[in-house]
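The values are calculated or read from the model by the stated rules, or taken from the named source; none is laboratory data. Just so it is clear, the model here is predicted, and its values are computed rather than measured. Here the Cβ positions follow ideal geometry from the backbone for every residue, glycine too, while neighbour counts run over all protein chains shown. Areas reflect the complete protein model, heavy atoms only, side chains present, ligands, DNA and RNA absent. Shrake-Rupley method; radii C 1.70, N 1.55, O 1.52, S 1.80 Å.
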Amino acid sequence: MAEVVQMTARRVKNLGSYETQTAEVTVRLEPGDDPNTVYRELLVYVSELAEMDASAAKLAIEDAKRSGGA
């Protein structure tokens, strides 16, 4: 079986108005790391990151629309 040495997780969040926010994280596994455990932790991390960034971006877009900037 092939050895897993690197993993990437990406989450694309739809912000509406044909806009998206992408969060992507790549990790390199260390000897002894369990790929299943690392991947689960990576998915949680990138999901939290995407939600945080998407919320902040959506607020900025709404503020810009209110002020006439978008």
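When only residues in the stretch 13-41 that are among the aliphatic types (A, V, I, L, M) and at pLDDT 90 or above count, which is most open to solvent (accessible area, probe 1.4 Å)?
Ranking the qualifying residues of the stretch 13-41, first place goes to Val27.
What pairs can you find where one residue is in the stretch 49-70 and modelled with pLDDT of 75 or more, the other is of a type in the set (S, T, N, Q), and their Cβ atoms are less than 8 Å apart, with a gap of 6+ or different chains?
Ala50/Gln21; Ala50/Thr22
Which of the residues that make up the stretch 7-54 are more than 30 Å from Lys65 (Cα to Cα) and either in contact with a Leu (Cβ under 7 Å, 6 or more places away or on another chain) or in a loop (DSSP other than H, G, I, E, B) (or both)?
Met7, Ala9, Val25, Val27, Leu29, Glu30, Pro31, Gly32, Asp33, Asp34, Pro35, Val38
Filter the stretch 16-42 down to residues that are under 13 Å from the mean Cα position of the chain (by Cα) and in contact (Cβ under 8 Å) with a residue 24 or more places away in the chain, then give me how many there are.
5
Kindly provide the set of residues from the stretch 1-12 that are under 17 Å from Leu49 (Cβ atoms) and open to solvent by 60 Å² or more (accessible area, probe 1.4 Å), ordered by number.
Thr8, Arg10, Arg11, Val12, listed by residue number.
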